[in-house]
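The structure appears right after this line, and notes come after that.
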Amino acid sequence: MPTALRPIGHEDRLSLVDHLSELRKRIVISIVTLAAAFVVCFWQSDPILDFITEPVRATQNLDNPSEKSADPLEQAALSQKAQERFLRELSPALELNAATLRSLSRADNLTPAQSAQLARASAAQASASREAERAAAALPKNTERNLVTLGVTEPFTATITVALYSALLLSLPLILFQIYAFVLPAFSPRERKTALPLMLMVPVLFIAGVAFGYFVVLDRAVDFLQNFNDDSFDILLRANDYFKFAILFLAGIGLLFQIPVGVLAITRLGILTPKQLAANRGYVILGIAVLAAVATPTPDPITMSFAMVPLIVLFELSILVARWIDRVKPPPDVDGEADVDDEADVADDEADDDADDEERDATPPEPLHSDEDVKD
């Protein structure tokens, strides 16, 4: 019987029940892994939400007042920050003025009416200083752009969605290993030598693509889209819409980073050679440009170039690695190996037939009549 954490071999022979039992074990392990990762991500949902919404908050121009913004909501946030600064500066100035007036009210050369008037002015200045301090403290502290929810359950469902996708990203390596371990018996030894390195590369390249998309491309794409024609709209970004956009965007970049897997797969299986790929480099770059344009939904060429450059670099590095691997260990002749496998299968069938014939010859024939029939 196969174990849950050890892939079965190509030579193993399993019944239908064994295959179903193996599939059940793989699915259970994947679900348990995903559930454990989900618990951790839901527990740490606040920092995860802050992390994924950082590109939205970075689109506001609140730290450089010299750059004027046409977004009405951003202008309101700038106005609130200016009011807070003004009130913070006004409060100590009024308090200082009140102290000065109190000092003047005690002068000897003033009439009682003048002293009383200065005392009242001092008290008014002190009261105004306290009110300015309270007004500054009452202004909203969080003037950054936040996501909007439009339903009673949407904050909960949005948090669940982000935690689930984060858990899927964390558990991806082990889930891919379970898939690989289940389909391993269908691979020949030659195919297994090709599939194992590629399966190990898939999660690494996917996570690298997600990291590149988040730190390099996503913030530029969000900044362009959120500030495009912003003087005509009050921009309110819904949480579910942004999370869906960010997840699809990052997943697309992660899938595009699988170019080395595809290049090494088709070269090791003998479908194409590195020389043929290099000769058709122009078509590949054109395809990469189309994929980058689809994965980055912004019409500006800068964001598209940020997505294209690493893909082209990965393609060129993949060709170099494929050439080096072909020199170290050339790929086998697929047709020749297929012929050898066919001949081996025929030989095995003939050996099985001969063994069956020998077993039938060695088995004594059953008597036609029993002893009781003979006595009768």
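Nothing in this text is a laboratory measurement; each read-out follows from the coordinates by a stated rule. These figures come from a predicted structure and were not determined experimentally. Here Cβ is always computed from backbone atoms with ideal geometry, including for glycine, and neighbour counts include all displayed protein chains.
Protection proxy ranking for 160-170, 109-119, 236-246, 45-55, using the average of other Cβ atoms within 10 Å per residue and placing the highest first: 160-170, 236-246, 45-55, 109-119. Were the residues from Leu196 through Val309 laid out at 0.36 nm apart, the gain over their Cα-Cα distance would be 37.9 nm. Taking the Cα atoms of the range 72-138, the ratio Rg/Rh between the radius of gyration and the Kirkwood radius comes to 1.23.
A Förster radius of 25 Å, combined with the Cβ-Cβ distance separating Leu320 from Leu255, puts the computed FRET efficiency at roughly 0.65.
Once the other residues with Cβ under 14 Å from the Cβ of Ala279 are scored (Lys, Arg +1; Asp, Glu -1), what is the net sum? Value of the local net charge: +2. In this structure the amide hydrogen of Arg238, modeled in the peptide plane, comes within under 5 Å of the amide hydrogens of Val148, none closer than 5 places in sequence on its chain.
Between Ala208 and Ala119, the modelled label-to-label distance comes to 8.0 nm, taking each label 7 Å out from Cα in the direction of the beta carbon.
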